Amino acid sequence: MRKIVIAAVLSVVPAIGFAQQNNIGTCGWGAKLFDGQSGVVPQVLAVTTNGTSGNQTFAITTGTSGCTQDGVVRSTWKTAMFIDGNKDRLARDMSIGNGETLDSLAHLVGVREEDRATFSRVMQANVSLIFPSGSTTDDSVVALKQVLRSDRELAQYAASI
Amino acid sequence: MPFRPRPWRAIVCLLCLLAPCVAEAAPYLDDLIGRSRELRLSERREWHRLMHYTDNWVTPGVHSLADARRFFLAADGKTNPQSELEATLAAFFSDIQETDKEQNPQCAFISRYSWLDRQLGFDPARLPRQPCKRFHEWRDTLNPQGVTLIFPAASLNNPSSMYGHTLLRIDAKDQDEKTRLLAYAVNYAANTDETNGIAFAINGLFGGYPGMFSMMPYYLKVREYNDMENRDVWEYELNLTPGAVDVVLMHVWELGPIYFDYYFFDENCSYYLLELLEVARPDLDLTRDFRWWAIPSDTVREVVKQKGLVRKTVYRPSNATVIHHRLELMSPEEQALVSSLSRGRASASDPGFAGLSPPAQARVLEVSHDYLNYLRATGRSPVGDPAELARTLLLERSRIGASAGDPPVPVPEVRPDQGHGTSRIGFGGGRRDGANFVELRARPTYHDLMDPDAGYVRGAQIEFFDFAVRDYSGSVGARVEEVTPLSIVSISPRNEFFQPLSWQIDIGWARRRLASGAEPLVFGVHGGPGLAWTVPDTLRSKTMVYVFLESTLQANTLLENNYALGIGPSVGALIDFTDRWRAEPYAREQSFFAGDTDTAWSVGLRQRYTLDRDWALRLDLSRERQEKQSWNTVLLSLHHYF
């Protein structure tokens with residue numbers, strides 16, 4: 001009961017934070033998304049994570065900080081950051097052969113319209129290579145590059161990763 | 001404008017020490033200041049929006065909502081628009097070179113520079129233009145084409161999320177609806193590492209945290225809302241000119257290192273996004289109604305209300321919404337397979353699965369995977385290594401060439417901004433315990449179980465400061481009937497796939513019968529957990545039944561022991577006979593065991609009939625028993641939402 005009361009009182013305010021969330025201190029952030037989530041109460045509190053940023057990674061006009069420059073992802077990191085932040089969805093869309101995260105990855109890699117179907121098909125066929133068991137984002141980036149390179153039509157895009 | 005000593009002279013002198021060349025600036029600066037006075041620029045609305053000036057509460061004059069000293073170039077800039085404008089002009093003559101840590105004032109205050117340049121037409125020969133390389137690189141990365149207001153709607157089991165949050169998305173020129181994930185979100189939030197919820201709540205209420213703007217890829221926000229919190233997201237594409245979009249960006253840049261004291265209820269995320277839009281469109285007055293109380297969903301309504309400001313809306317269903325939708329499309333056999341596959345209790349070699357058509361196999365695997373992720377996100381992983389199970393399901397899926405071919409989740413007919421107004425006033429009359437009465441009821445915000453559902457979450461209630469006064473015939477006379485500062489109810493149906501806990505809490509004062517027959521206003525806290533189901537178990541079911549275990553703590557010096565503590569069950573149902581007509585039969589009992597030994601109970605039937613979006617009729621019937629006295633109440637009332 002007390003827990004619920006506390007949760008309720010806390011969660012009525014908009015933008016209250018569950019500050020540990022979102023605390024993305026390094027260049028990688030995908031794995032962090034699943035941290036600190038268990039049970040009803042955290043879920044209730046988490047609703048309003050809105051409230052906090054709790055980190056300086058995305059502060060604007062703070063100069064260079066690891067993977068970002070003045071709050072935006074540096075271009076060399078773009079693809080890795082995207083894969084890291086969308087791991088589960090990307091693996092899902094790849095295995096289905098279409099979806100928003102797959103479209104976005106194709107855009108990031110610069111795949112032209114006429115090569116999109118090939119891209120989707122190759123991704124679907126190689127999802128187990130790109131996301132091997134217990135893979136890190138680095139593994140996936142390297143594997144993606146490798147998969148592109150070994151396809152005749154898509155090899156031209158390997159360099160952009 | 002009262003005469004003021006020229007603060008810019010001090011600044012210029014200061015700058016002289018740093019950079020000898022600015023000494024020559026003085027004549028042109030005098031000229032600029034002279035013209036700015038002639039044009040009365042510091043009185044312009046644009047300047048006031050750029051500086052976030054707002055009228056003082058009591059005394060005449062203004063103050064800026066910005067709380068960071070570095071936002072002001074004049075010592076009295078927070079309260080003096082004129083001296084701030086002159087100091088700003090003076091600072092533009094600085095020849096500080098841009099580094100990774102420092103910017104020239106022309107770049108650091110680039111939205112002011114841009115506006116003043118347009119008003120005064122700076123002569124680059126006499127006021128050299130700084131390249132502002134960092135700003136331009138940043139802007140090029142964003143490649144802006146438009147701005148979209150993002151509103152994550154309420155999640156199913158969380159009435160408090162109805163309150164909502166808003167952010168902006170900067171849409172790039174080379175993106176389309178399929179690649180919007182790559183856009184950047186501009187978020188305004190309290191910046192703190194506080195993990196103690198209570199401390200956070202208190203500090204937040206009283207402005208104890210700095211509120212700051214930050215940017216992040218939109219996909220992080222989509223993952224957070226859609227996948228982690230299971231909230232549908234609404235996107236409102238704004239109709240801004242390229243010039244206005246640029247102003248938004250320049251101002252976000254200018255506010256980057258600036259903080260504002262963050263207040264949950266008024267100076268919050270949504271309020272500052274409105275401020276930002278006002279900078280881009282000074283002709284709009286969006287913030288006027290939100291000076292004291294800015295509820296995110298209300299601020300969305302305000303934006304939608306502006307003629308032509310919203311170009312298009314996009315609905316982005318959450319993971320849970322998609323799962324609900326796709327489960328509904330399945331046969332019972334497919335659902336059973338999802339249930340066992342997602343929990344690792346069956347595999348793709350299962351004969352039941354192998355016998356399905358390829359599209360059905362694709363559907364079952366996709367929903368199994370999504371459901372497994374839902375379980376992970378809500379902390380209920382069914383297996384030790386859910387990532388590996390998810391991977392196994394996806395690999396199976398990747399071997400199927402066919403597509404499931406399911407239709408997308410239908411866009412709700414009523415958006416959150418199109419539901420009833422959040423304030424409500426009601427007038428009615430009735431009879432209670434032999435005395436006739438008239439009742440006036442008012443609620444500043446937000447939604448209760450019996451209010452029309454369109455645009456809201458069914459079974460969810462959150463109300464602030466609901467109060468009722470009644471005037472009884474006979475000896476009772478006029479009195480406050482109840483005051484409820486806070487009331488939240490979450491009735492979330494359970495089924496094979498979703499097992500949320502329902503819960504409720506309310507805090508306030510209500511009339512309570514004493515053994516003597518007197519009825520003082522007694523303070524009480526009441527609430528507890530519960531379970532709910534829909535009958536039958538489908539998304540569009542008309543009936544939801546619930547049970548709760550409720551407890552009550554009452555405190556009043558008129559109570560025998562100054563307090564009373566009780567516990568007991570309640571049962572009820574929400575039944576929609578039609579879209580307009582809802583009934584709620586209920587029964588509850590509270591056995592007091594500390595401070596009092598009374599057994600109180602009530603049974604009743606509440607009904608609502610929706611007349612139109614902002615009008616509803618209610619009929620409440622009840623029988624109550626407290627301190628061995630029983631009475632009936634009937635109340636017919638008309639409610640207006642605004």
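The residues listed here are A:SER104, A:SER95; of these, the one that is over 20 Å from B:GLU396 (Cα atoms), without any contact (Cβ under 8 Å) to a residue 40 or more places away in the chain, at the interface with chain B (Cβ under 10 Å from one of its Cβ atoms) and not in a loop (DSSP other than H, G, I, E, B) is A:SER104.
All conditions in (1) more than 24 Å from B:GLY572 (Cβ to Cβ); (2) more than 14 Å from chain A (Cβ to nearest Cβ) hold for B:MET450, with the sole exception of (1). Among the helices (runs of 4 or more DSSP H) confined to region B:264-378, the ones with at least 3 residues that are within 11 Å of chain A (Cβ to nearest Cβ) and either surrounded by fewer than 23 Cβ atoms within 10 Å (Cβ to Cβ) or out of contact with any Gly (no Cβ under 6 Å at 6 or more places or on another chain) (or both) are located at B:269-280, B:358-377.
One residue alone among B:GLU86, B:GLU98 is part of a helix (DSSP H, G or I) and either in contact (Cβ under 8 Å) with a residue 24 or more places away in the chain or closer than 13 Å to B:LEU116 by Cα (or both), and that residue is B:GLU86.
Would you mention how many residues in region A:122-141 are over 15 Å from B:LEU394 (Cβ atoms) and either surrounded by fewer than 14 Cβ atoms within 10 Å (Cβ to Cβ) or under 16 Å from the mean Cα position of the chain (by Cα) (or both)? Write out each step before concluding.
First, the residues of region A:122-141 that are over 15 Å from B:LEU394 (Cβ atoms): A:122, A:136-139, A:141.
Imposing the further condition that a residue be either surrounded by fewer than 14 Cβ atoms within 10 Å (Cβ to Cβ) or under 16 Å from the mean Cα position of the chain (by Cα) (or both) reduces the set to A:136-139, A:141.
Residues that pass the stated criteria total 5.
Candidates B:ARG35, B:ARG45, B:ARG126, B:ARG40: the one that is of a type in the set (Lys, Arg) and within 22 Å of B:ALA280 (Cβ to Cβ) is B:ARG45. Report yes if B:ALA90 is assigned by TED's automatic domain parsing to the domain that holds B:GLN119, surrounded by 23 or more Cβ atoms within 10 Å (Cβ to Cβ), among the small types (Gly, Ala, Ser) and farther than 25 Å from B:MET212 by Cβ, otherwise no. Yes: the conditions hold for B:ALA90.
Quickly run through region A:80-114 and pick out the residues that are within 23 Å of B:ALA387 (Cα to Cα) and surrounded by fewer than 19 Cβ atoms within 10 Å (Cβ to Cβ). Scanning region A:80-114 gives A:ASN98, A:GLY99. When each of A:GLN124, A:GLN146 is tested for being assigned to a helix (DSSP H, G or I) and without any contact (Cβ under 8 Å) to a residue 24 or more places away in the chain, the lone residue that passes is A:GLN146. Filtering region B:425-434 for residues that are at pLDDT below 95 and either of a type in the set (Gly, Ala, Ser) or within 26 Å of B:ARG231 (Cβ to Cβ) (or both) leaves a non-empty set.
With respect to the conditions (1) free of Cβ contacts under 8 Å to residues at least 40 places away in the same chain; (2) facing another protein chain (nearest Cβ under 10 Å), B:ALA468 lacks only one, and its number is (2).
Being at pLDDT below 95, hydrophobic (A, V, I, L, M, F, W, C), closer than 16 Å to B:GLY430 by Cα and surrounded by fewer than 18 Cβ atoms within 10 Å (Cβ to Cβ), is that true of even one residue in region B:458-470? Taking every residue of region B:458-470 in turn, none turns out to be at pLDDT below 95, hydrophobic (A, V, I, L, M, F, W, C), closer than 16 Å to B:GLY430 by Cα and surrounded by fewer than 18 Cβ atoms within 10 Å (Cβ to Cβ). Taking B:SER42, is it in contact (Cβ under 8 Å) with a residue 40 or more places away in the chain and over 29 Å from B:ASP283 (Cβ atoms)? Criteria not met by B:SER42.
Among the residues of this structure, B:ALA594 does not count as one that is assigned by TED's automatic domain parsing to the domain that holds B:ALA510, of a type in the set (Gly, Ala, Ser) and within 29 Å of B:ARG301 (Cα to Cα).
Just to be sure I understand, how many residues within region A:107-138 are among the acidic types (Asp, Glu) and within 13 Å of chain B (Cβ to nearest Cβ)? Qualifying residue count for the region: 1. When region B:536-564 is filtered for residues that are among the aliphatic types (A, V, I, L, M), surrounded by fewer than 19 Cβ atoms within 10 Å (Cβ to Cβ) and farther than 16 Å from B:ALA510 by Cβ, the ones remaining, listed by number, are B:LEU539, B:VAL545, B:VAL547, B:LEU549. Within the span defined as region B:241-259, every residue fails to be buried (at least 24 other Cβ atoms within 10 Å of the Cβ) and among the hydroxyl-bearing types (Ser, Thr, Tyr).
Only residues that are modelled with pLDDT under 75 and more than 7 Å from chain B (Cβ to nearest Cβ) were counted in region A:63-75, giving 4.
I'm checking my understanding of the structure. Among residues of region B:395-433 that are in a loop (DSSP other than H, G, I, E, B) and among the hydrophobic types (A, V, I, L, M, F, W, C), which one is farthest from B:LEU356 (Cα to Cα)? Going through the qualifying residues, I end up with B:VAL414.
One residue is enough: does region B:116-127 have a residue meeting the conditions modelled with pLDDT under 95, crowded, with 17+ Cβ neighbours inside 10 Å and part of a helix (DSSP H, G or I)? There is no residue in region B:116-127 that is modelled with pLDDT under 95, crowded, with 17+ Cβ neighbours inside 10 Å and part of a helix (DSSP H, G or I). When region B:227-237 is filtered for residues that are touching a strand residue (DSSP E or B) at 6+ places or on another chain (Cβ under 6 Å) and not charged (D, E, K, R), the ones remaining, listed by number, are B:ASN230, B:VAL233, B:TRP234, B:TYR236. Only residues that are among the hydroxyl-bearing types (Ser, Thr, Tyr) and touching a residue at least 12 places away in the same chain (Cβ under 8 Å) were counted across region B:576-598, and they come to 2. Looking only at region B:474-486, residues that are away from every other protein chain (no Cβ under 14 Å) and in contact with a Lys or Arg (Cβ under 9 Å, 6 or more places away or on another chain) come to 6 in all. On the basis of being surrounded by 17 or more Cβ atoms within 10 Å (Cβ to Cβ) and in contact (Cβ under 8 Å) with a residue 60 or more places away in the chain, does B:SER570 make the cut? Considered against the rule, which asks whether it is surrounded by 17 or more Cβ atoms within 10 Å (Cβ to Cβ) and in contact (Cβ under 8 Å) with a residue 60 or more places away in the chain, B:SER570 comes out as no.
The values are calculated or read from the model by the stated rules, or taken from the named source; none is laboratory data. Values in this document were obtained by computation on a predicted structure and should not be read as measured data. When we count neighbours, we look across all protein chains shown, and the Cβ atoms used for this are built from the backbone with ideal geometry, even at glycine.
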